[in-house]
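Take a look at the structure below.
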Amino acid sequence: MKENRQQTIGFILLLTFFILLYYLKEKQEKEFNEDIEANKVVSVAYVYDYKQNRSFNRYYYVFMFQGKQFKSSENLHGYGGEKTIGRFYKIIYSSKEPKHHKIFLNEEVYDVQKRIDAGF
């Protein structure tokens, strides 16, 4: 009886932990998106590397923020892998927090003037 009760309490604690984790992730995602929308800057990013293994497809890119290079990476699926290296893509970021950004690997930037304006 006591063992059964301990298992039930353990299950409830574990379930509570996962619900809290989900809530915090959703809250963070909402704040991230609200910050981008409120302080949106549309610019250009340059993809300089790509790594793949069984569980991820990581794209490494750089964009300019206040005259300095800001490097980042994202785990994205279905965008051409190594074909994206050396190309320029649309990115949106928050003017207040460059860590809040999204790259659009389905929107390649061909316009040379846009690249120059973005600092490349």
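I'd like to verify a number: residues in region 82-98 that are surrounded by 15 or more Cβ atoms within 10 Å (Cβ to Cβ) and either in contact with a Lys or Arg (Cβ under 6 Å, 6 or more places away or on another chain) or not in a loop (DSSP other than H, G, I, E, B) (or both), how many?
8
Looking only at region 98-120, how many residues end up being closer than 24 Å to Phe32 by Cα and over 13 Å from the mean Cα position of the chain (by Cα)?
4
Residue-by-condition table, conditions (1) open to solvent by 60 Å² or more (accessible area, probe 1.4 Å); (2) at pLDDT below 90; (3) basic (Lys, Arg):
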{"residue": "Tyr46", "(1), (2), (3)": "yes, no, no"}
{"residue": "Arg58", "(1), (2), (3)": "yes, no, yes"}
{"residue": "Gln69", "(1), (2), (3)": "yes, no, no"}
{"residue": "Gly80", "(1), (2), (3)": "no, yes, no"}
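Here is a list of conditions, (1) outside any strand (DSSP E or B); (2) touching a strand residue (DSSP E or B) at 6+ places or on another chain (Cβ under 8 Å), and Lys27 meets all of them except one; can you say which number that is?
The single condition Lys27 does not satisfy is (2).
Would you be able to say whether some residue in region 12-27 is under 15 Å from the mean Cα position of the chain (by Cα) and open to solvent by less than 70 Å² (accessible area, probe 1.4 Å)?
No.
Kindly evaluate Gln52 against the criterion of being over 24 Å from Gln113 (Cβ atoms) and in contact with a helix residue (DSSP H, G or I) (Cβ under 9 Å, 6 or more places away or on another chain).
For Gln52, the condition - over 24 Å from Gln113 (Cβ atoms) and in contact with a helix residue (DSSP H, G or I) (Cβ under 9 Å, 6 or more places away or on another chain) - is met.
The values are calculated or read from the model by the stated rules, or taken from the named source; none is laboratory data. Keep in mind that what you see is a predicted model, and the values were worked out from it rather than measured. Glycine gets a Cβ as well: all are built from the backbone with ideal geometry, and neighbour counts include every protein chain shown. The accessibility values were calculated without ligands, DNA or RNA, using every heavy atom of the protein model including side chains. Shrake-Rupley method; radii C 1.70, N 1.55, O 1.52, S 1.80 Å.
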